[in-house]
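**Student:** Sending over a structure as structure tokens; questions will come in a sec.
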Amino acid sequence: MRGTAWFIVAALLGLALPAQARDFKVYPYKTPSEGEVELVYWWDYFIKSDQTYHYFGEDLDKEGLQRHSLEIEYGLTDHWTVSAYADFEKPKDGDFKYVQARAVGARYRFFEQGQRFLDGAIYVEYYLPYQKYRNGEKVETRVILQKDLGPVSVILNPIFDKKISGPDVNEGMEFEYAAGLYVRATSWLTPGLEFYGEMGELSDLKPKDEQEHFIFPRLGFKFGHRVNLDVGYGFGLTEDSDDQVIKTILELEFE
């Protein structure tokens with residue numbers, strides 16, 4: 001299984017050879033165990049939006065956009081995992097295309113769960129876009145903080161982005177966030193409420209009406225021991241946010 005995992009990681013990273021945040025996901029403290037592999041399929045659909053975005057030289061409406069991602073995550077140890085993504089997009093008025101690769105060189109959790117007041121981890125991700133899609137690489141660092149209170153979990157993800165190449169390389173570090181409140185209702189159902197936002201450069205935050213903020217009611221389903229499904233319906237809270245977005249994340253776990 002370990003040999004297979006490394007082969008798939010290499011294949012995903014190889015796609016990058018021929019920035020913007022993508023994930024509507026709050027990352028928890030827990031990571032895969034040593035030798036465990038997670039295969040993940042992500043799908044976002046922008047139901048309603050009056051925003052536009054740049055797609056291979058064209059400015060297209062964001063409404064109707066579908067974003068697809070394939071991820072593999074591998075536990076090097078019980079505390080340290082690596083992963084790789086291949087991202088694809090299908091605008092309403094455009095073709096389905098590969099857009100970028102992402103590699104997570106470190107998702108590392110500190111201590112054992114419950115040893116500190118907050119369970120902490122760190123996540124470092126490298127974005128390598130297809131140059132015809134977006135000219136510029138960036139590094140994202142996400143701090144993961146979690147507190148469990150019986151069946152209730154509170155998770156905070158402050159996120160710091162820095163462009164490391166391309167025309168915007170001189171911009172400062174940008175700040176984003178993801179946060180969630182979850183209640184384990186049963187062994188297979190965990191409803192929750194998630195929040196996401198992009199606020200601009202740390203040294204010069206955007207005016208409030210130019211920031212992006214979302215709220216996502218979501219449901220987490222667990223089917224047996226190896227299959228997890230996360231479904232959410234998001235609403236934009238500011239003028240520059242997309243109005244309505246669906247997100248789904250399907251996870252398959254293997255040892």
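**Student:** Using a cut-off of 12 Å between beta-carbons, work out the net charge of the residues near Lys132 (Lys and Arg +1, Asp and Glu -1, Lys132 not included).
**Tutor:** Values: positive: Lys97, Arg134; negative: Glu58.
Surrounding charge for Lys132 is +1.
**Student:** Same structure again: How would Ser203, Ser241 rank on accessible area, largest to smallest, probe 1.4 Å?
**Tutor:** Working: Ser203 105, Ser241 0 Å².
My answer, sorted largest first, is Ser203, Ser241.
**Student:** Of the listed pairs Lys92/Lys163; Lys30/Lys222; Lys25/Lys132; Lys162/Lys208; Lys92/Lys206; Lys30/Lys147, which have alpha-carbon separations greater than 23 Å here?
**Tutor:** On the way: Lys92/Lys163 28 Å; Lys30/Lys222 15 Å; Lys25/Lys132 27 Å; Lys162/Lys208 21 Å; Lys92/Lys206 29 Å; Lys30/Lys147 12 Å.
Going by Cα-Cα distance, Lys92/Lys163; Lys25/Lys132; Lys92/Lys206 fall outside the 23 Å limit.
**Student:** Please label the shape of the range 91-180 as rounded, prolate or oblate, based on the square roots a ≥ b ≥ c of the eigenvalues of the alpha-carbon gyration tensor (a/c under 1.5 means rounded; beyond that, a/b larger than b/c means prolate, else oblate). Provide the component values of the computation, followed by the final result.
**Tutor:** Details: a/c = 2.68, a/b = 1.99, b/c = 1.35.
Cα axes put the range 91-180 in the prolate bin.
**Student:** Explain nothing, just the number: dipole magnitude of the range 62-210 about its Cα centre with +1 on each Lys and Arg Cβ and -1 on each Asp and Glu Cβ, in debye rounded to the nearest 20. Walk me through the intermediate numbers first.
**Tutor:** Details: 19 positive and 25 negative charges, 53 e Å.
With only Lys, Arg, Asp and Glu charged at Cβ, the dipole is about 260 debye.
**Student:** Can you give the accessible area of Leu202 in Å² (nearest 10), computed on protein heavy atoms with a 1.4 Å probe?
**Tutor:** 90
**Student:** Now, a different point. Provide the gained length on full extension for the span Leu145 to Glu239, in nm with one decimal, where the gain is 0.36 nm per separating residue minus the Cα-Cα distance.
**Tutor:** Between Leu145 and Glu239, full extension yields an extra 30.9 nm.
**Student:** While we're on this one: Once label points are set 7 Å from the Cα along Cα→Cβ at both Leu193 and Tyr98, what is their separation, rounded to one decimal in nm?
**Tutor:** Result for the modelled spin labels: 4.2 nm.
**Student:** Taking 0.36 nm per residue of sequence separation and subtracting the Cα-Cα distance, how much length would be gained by fully extending the chain between Arg226 and Lys206, in nm to one decimal? Mind dumping the intermediate values first?
**Tutor:** Details: separation 20, 0.36 × 20 = 7.20 nm, distance 4.17 nm.
In short, 3.0 nm is gained.
**Student:** His68 accessible area, nearest 10 Å², 1.4 Å probe?
**Tutor:** 30
**Student:** Debye sum, Cα scatterers, the range 114-155, no solvent: what log₁₀ I/I(0) at q = 0.14, 0.18, 0.20, 0.28 1/Å?
**Tutor:** Log-scaled intensity ratios, in q order: -0.51, -0.63, -0.68, -0.95.
**Student:** Tell me, what is the per residue accessible area of the chain in Å², probe radius 1.4 Å?
**Tutor:** Working: 12500 Å² over 255 residues.
Per residue, the chain has an accessible area of 49 Å².
**Student:** Using a 1.4 Å probe over the heavy atoms of the protein chains, calculate the carbon and sulfur portion of the accessible area of the chain as a whole percent.
**Tutor:** 60
**Student:** Still on this structure, I have one more. For Asp61 and Phe254, compute 0.36 nm times the residue count separating them, minus their Cα-Cα distance, and round to one decimal in nm. Show your work: numbers first, answer last.
**Tutor:** Working: separation 193, 0.36 × 193 = 69.48 nm, distance 3.87 nm.
Here the answer is 65.6 nm.
**Student:** Aspartates and glutamates near Lys138 by alpha-carbon distance under 12 Å, same-chain residues fewer than 8 away left out - which ones?
**Tutor:** Leaving aside aspartates and glutamates fewer than 8 places away in the same chain, those within reach of Lys138 are Glu125, Asp161, Asp168, Glu171, Glu174.
**Student:** Quick one: divide the alpha-carbon radius of gyration of the range 16-118 by 2.2 N^0.38 Å and tell me what you get.
**Tutor:** On the way: Rg = 17.0 Å, N = 103, 2.2 N^0.38 = 12.8 Å.
Normalised Rg, Cα atoms only: 1.33.
**Student:** Per DSSP H run of at least 4 residues, take -39500 (n - 2.57); add these up for the chain, divide by its residues and hand me the 222 nm value, nearest 500 deg cm²/dmol. Write out the running numbers ahead of the final one.
**Tutor:** Details: 1 runs with 13 residues, N = 255.
Estimated from H runs of four or more residues: -1500 deg cm²/dmol.
**Student:** When the convex hull of the C-alpha atoms of the range 139-255 is computed, what volume per residue in Å³ does it have? Please list the in-between numbers first.
**Tutor:** Values: hull volume 16.5 nm³, N = 117.
Dividing the Cα hull volume of the range 139-255 by its residues yields 141 Å³.
**Student:** Let a ≥ b ≥ c be the square roots of the eigenvalues of the Cα gyration tensor of the chain; is it rounded (a/c under 1.5), or, if not, prolate (a/b larger than b/c) or oblate? Show your work: numbers first, answer last.
**Tutor:** On the way: a/c = 1.43, a/b = 1.22, b/c = 1.17.
Rounded.
The values are calculated or read from the model by the stated rules, or taken from the named source; none is laboratory data. Keep in mind that what you see is a predicted model, and the values were worked out from it rather than measured. Here Cβ is always computed from backbone atoms with ideal geometry, including for glycine, and neighbour counts include all displayed protein chains. Remember, those area values only see protein heavy atoms, side chains included, never the ligands or the DNA or RNA. Shrake-Rupley method; radii C 1.70, N 1.55, O 1.52, S 1.80 Å.
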